[in-house]
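Here the structure is laid out as structure tokens; the discussion comes afterwards.
The values are calculated or read from the model by the stated rules, or taken from the named source; none is laboratory data. What you see is a predicted model, and the numbers here were worked out from it, not measured in a lab. All Cβ positions, even for glycine, are placed from backbone atoms using ideal geometry, and neighbour counts span all protein chains on display. For accessibility, only protein heavy atoms count, side chains too; no ligands or nucleic acids. Shrake-Rupley method; radii C 1.70, N 1.55, O 1.52, S 1.80 Å.
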Amino acid sequence: MSGPTPAPIANLDFVQARWPLLISGICTLAAVTALVSMPSTHFGLIYAIATAWTCWAIHAYAKGKRFHVAPGLYAAADDSQKLRRIVLGIAICMHLGFTALMIGSLFNQSR
């Protein structure tokens, strides 16, 4: 039974070494943001899907799998590490943008 050997801890980057904590942090941030802002049903569903999609991208990045960020924007398993990091950064920035929209809707409702 020969399979891929796991990389030593010294060869892993931040996301690969701490992906469970990163995913739980993003899910906690999303839950708190959704509870505080109380979005509409449609916007809440879009936010939940964006959170799940971002968590999957982090998991796939950490495990060396292919992941998609948007139609036509993906990182394959055999792409360079630099490209994979850039695509993961885009996914995280998009999620932070959705979070900013959620918090912004809270301020718009208070007026």
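Neighbours of Trp19, meaning other residues whose beta-carbon lies under 14 angstrom from its beta-carbon, give a summed charge of +4 when Lys and Arg score +1 and Asp and Glu score -1.
Relative contact order, percent, of the range 48-92 when contacts are C-alpha pairs under 8 Å separated by at least 6 residues?
After rounding, I find 33 percent.
Proximity of backbone amide H atoms, modeled 1.01 Å from N, is registered between Arg66 and Ala77 at under 5 Å, excluding neighbours fewer than 5 places apart on the same chain.
For the chain, the share of accessible area belonging to carbon and sulfur comes to 70 percent (1.4 Å probe, ligands and nucleic acids excluded). Taking other residues whose beta carbon is less than 15 angstrom from the beta carbon of Ala60, and scoring Lys, Arg as +1 and Asp, Glu as -1, yields +2.
When only alpha carbons of the range 38-111 are considered, Rg and Dmax amount to 14.4, 50 Å. Note that the chain presents 66 Å² accessible area per residue, ligands and nucleic acids not counted, probe 1.4 Å.
Pairs of Cα atoms nearer than 8 Å and 6+ residues apart set the relative contact order; for the chain it is 27 percent. Relative to the Cα centre, the charge distribution of the chain, modelled as +1 at Lys and Arg Cβ and -1 at Asp and Glu Cβ, gives a dipole magnitude of about 40 debye.
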